[in-house]
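Here's the structure we're looking at; comments come further down.
Here, each number is a calculation from the coordinates, and none is a lab measurement. Treat the numbers as computed from the prediction; the structure is a model and nothing was measured. Here the Cβ positions follow ideal geometry from the backbone for every residue, glycine too, while neighbour counts run over all protein chains shown.
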Amino acid sequence: MSRIGKKPITLPAGVKYKVEGNTVHVEGPKGKVSALVADGISLEAHDGVINIVRKSDAYAAVHGLTRALVYNAVHGVTQGWKKELDIVGIGYRAELKGKETVVFTLGYSNPIEFPLPAGIEVAIDPKQTHLTISGIDRQKVGQVAADMRSLRKPDPYKNKGVRYSDEKLKKKAGKTGAK
């Protein structure tokens, strides 16, 4: 039995879900999200709790995955997801241009305009070096954060670049420090 798959998902007040074929649509106070339900997996709800049940052990590989996807959808429509990025480097900064574009100045000859997908919000602190990416779809929030980080990955020699706030970097010694 899957340890993650057998954990129940509590359904907070104001959250509704509906299963249509291989997708589950979850609706809550922050919006609507849909998640995939694998073949051989079904959802059973009673007393405000959703249990993920598999038909046989042949579906064990996707039991925990399906539970995680449904949980992410329920958590997203109630509390939302967020990722935080730090920009480190002299002259490196980010600023909002309207509500759907973030402009990065990362030491290249031209600034980089990053369009935001629908459902994603970005908040930038007054120093313009700390970004908070938030939304209801966990996959989309993580992908946008990864795309922003890839604009200027952290340099292991100077520790400059765009990094996650909780990311620990190991600084390498340069040529002169290798002796």
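Put a dot 7 Å past the Cα of Gln128, heading toward its Cβ, do the same for Ser56, and the two dots end up 6.2 nm apart. Modelled spin labels at Val19 and Lys97, positioned 7 Å past Cα toward Cβ, are 4.7 nm from each other. Taking 0.36 nm per residue of sequence separation and removing the Cα-Cα distance, the Thr10/Asn159 pair yields an extension gain of 49.5 nm.
Can you tell me the relative contact order of the chain? Whole percent, Cα pairs under 8 Å, sequence separation 6 or more. Relative contact order here is 18 percent.
Residues Asp166, Asp57, Asp86, ranked from the fewest to the most other C-beta atoms within 10 Å, line up as Asp166, Asp57, Asp86. Please give every one of the aspartates and glutamates within straight-line cross-link reach of Lys160, meaning a C-alpha to C-alpha distance under 14 Å, and leave out same-chain neighbours fewer than 8 residues apart. Partners within reach: Asp86. How far is helix 138-149 tilted, in degrees, relative to the longest principal axis of the Cα atoms in the chain, given as a value from 0 to 90 rounded to the nearest 10? The angle comes out near 10 degrees.
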